[in-house]
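The structure appears right after this line, and notes come after that.
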Amino acid sequence: MDIEGIIIFDAAAGVPLFSRMKTRTDPSLFSSFITAIGHFTRELKFGGLSSFTTEEKVIYLAPRDRIITALIAPKKKEYQTAYSLANELGRQFEESGISSNISRKEDYDEFAEVVDQFLRKIQNPFLTRVSEFIQNQYPGEVTVKPNLMKRDGSQGSVDILIDAGKSAASSGNVTEKFGENYSFVKVLDSMVGRVHIIEFIDSLDNFAVLAMKKDEMILTPYFPARAIIVGREYDSAAIDFLMKLPKGNIGRYIDGAYIYAGLKLKGIPKETRCVVDVWKWHDDTNPEPVDF
């Protein structure tokens, strides 16, 4: 956590007893408000307030019997995202017309789906920010943490799924089920290593759909058309591994034709190549493609 200042106040008088700031800030500017908050929470027996925000800062409070210690940190984009989502959730609830007395159960069920999506965004703000970038960068419908069927019949998921088939009129062709419109996105809020990339690539052929074969519904594997990796940094071993992938006119790719061996279904793509895109994430500037 980036701490810009520490201030210790007398809880009763609101007088700063100690301060250490990165910049020249008068600690008395915070004292009256923090003291008022401290008194308010004690009167209501809430046990103290953990934090509050100003337009630019987040202030974390630790009240004791005689003092209040405040840590001052910058308000980051994650907070702004969470606040915006909360505001939007409240707006949708008001506009839904739900009331505890007359609303149907179906209304609550529909709103519960909205809340579930909201919680996913709040719980992983970095993933939410990456998904917004992906939505702007690639055509198609973007879904965060979708539930997908695996080849063994169990449930699985990827960080982000792009379905380019949802961006245009559906042709009804069976190849849409084999992933030619799908892109899988791996998101890492950390240094990306060789193992991360290998695990992601190995997972690309794990998924399947129910397809008709000789009047019988069977699980049929598919392979995505694009694999996208978004991380903050990449170690040299990861880049070396990526550079060993085959390269064609479409860029570096993974050959997935093997998963269709023995399948006698119409519409299977002649070439099953999964293009690999790699992005380096920046908090304050646009992500940049990694050349390999």
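The values are calculated or read from the model by the stated rules, or taken from the named source; none is laboratory data. Just so you know, these numbers come straight off a predicted model, no measurement behind them. Using ideal geometry, Cβ is built from the backbone for each residue, glycine included, and neighbour counts are taken over all protein chains shown.
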Quick check: is even one residue across the range 232-247 surrounded by 12 or more Cβ atoms within 10 Å (Cβ to Cβ) and more than 30 Å from the chain's Cα centre (by Cα)? no
Restricting to the range 141-170, and then to whatever is more than 12 Å from Y182 (Cβ to Cβ) and of a type in the set (K, R), can you tell me which residue is modelled with the highest pLDDT? K150
Would you confirm, using the coordinates I've provided, whether V130 is surrounded by 13 or more Cβ atoms within 10 Å (Cβ to Cβ), out of contact with any helix residue (DSSP H, G or I) (no Cβ under 6 Å at 6 or more places or on another chain) and modelled with pLDDT of 90 or more? yes
